[in-house]
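In what follows, a structure is listed as structure tokens, so that the remarks can point back to it.
What follows draws every value from the coordinates through simple rules; no lab data is involved. Given the structure is predicted, the values throughout are model-derived calculations rather than measurements. When we count neighbours, we look across all protein chains shown, and the Cβ atoms used for this are built from the backbone with ideal geometry, even at glycine.
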Amino acid sequence: MASMDDGAQIAIRRWGDPAAERVVISHGNGLAIDAFARFGAELCRRFEVIAFDMRNHGRNPQATAAQGNWPRFIADFAQILEAADNAFGAKPTHGAFHSLSSAVCLLSLTQDAYPWQSLTLFEPPMPADAGSPLHKPFIDYHVALSERAARRRESFDQPADLAGSMRRSSLFSLVGDEDIERLARATLRERADGSWQLCCPPEFEAETFRIEAVEHLRPGLAKVSCPVRLVLGERDIHYAAILVDIGRELAADFGFECIELKRATHFMQLEAPETCASLVGGGEFEIGNAPGNANA
């Protein structure tokens, strides 16, 4: 466990070959990194993998976020990286982050530099510039997500109940049964009475979806100097096309590389773990050369 400066505890795990090049991974809002086990296993073929759950997610004990969720996530991020380097030794490091953690990673670089070799970011939910036509639709989408998360069922008799609910949702239509079961188990913790509770409280997840809290930090992304590649889903089948549009605009505004994967949506690391892992690290990225991609 790594201790944050407000006393919160973050579980950091190391997978794979300690002698290999390093990649750090984390997950999106309401999820848990253990759900991305197949993606992590693919990365372990080439990397030492450092994995962690965001505050109030996965294996981490619950903790307050007195500063507000987003400022606290950003502060945690730098401290987690420092703790990993202290525990396992500093070395050249790549990042491969999904959704919430990918946005936090970018925003952390507006405040504290970290010597990333490269960043591969899967659909970071970064608000558009206030003058962009995408700004209002993106904020409105996240307000709706926040309202839905606040009403989320928090307790289950067993993980299979949550897995069943996920199978009925169009959000997970491209995710296989085994990965849905793993996701359900990773996002729940067992209570003393044998029932199961969401690791991430619905009110905390709802607050995190209030993404407008960080839109003022967007201009600072001009400071990001390491290689960044954004990985987006296929717009024509995506249940939230605004995430693809916002990713395209982010890439254009800040000169980031961008790829769109065919037959993939926001949960692409569950849908296509091998392809997603193949995009992490390595040399210069060229759109058109990775398996399963489509030019933006």
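Assorted remarks:
- When peptides 204-211, 265-272 are ranked by their average number of other Cβ atoms within 10 Å per residue, the highest-first order is 265-272, 204-211.
- Helical mean residue ellipticity (222 nm; -39500 (n - 2.57) per DSSP H run of 4+; nearest 500) of the chain: -10000 deg cm²/dmol
- Cross-link reach list, lysines versus residue 223, counting only Cα pairs under 26 Å and skipping chain neighbours closer than eight places: 91, 136
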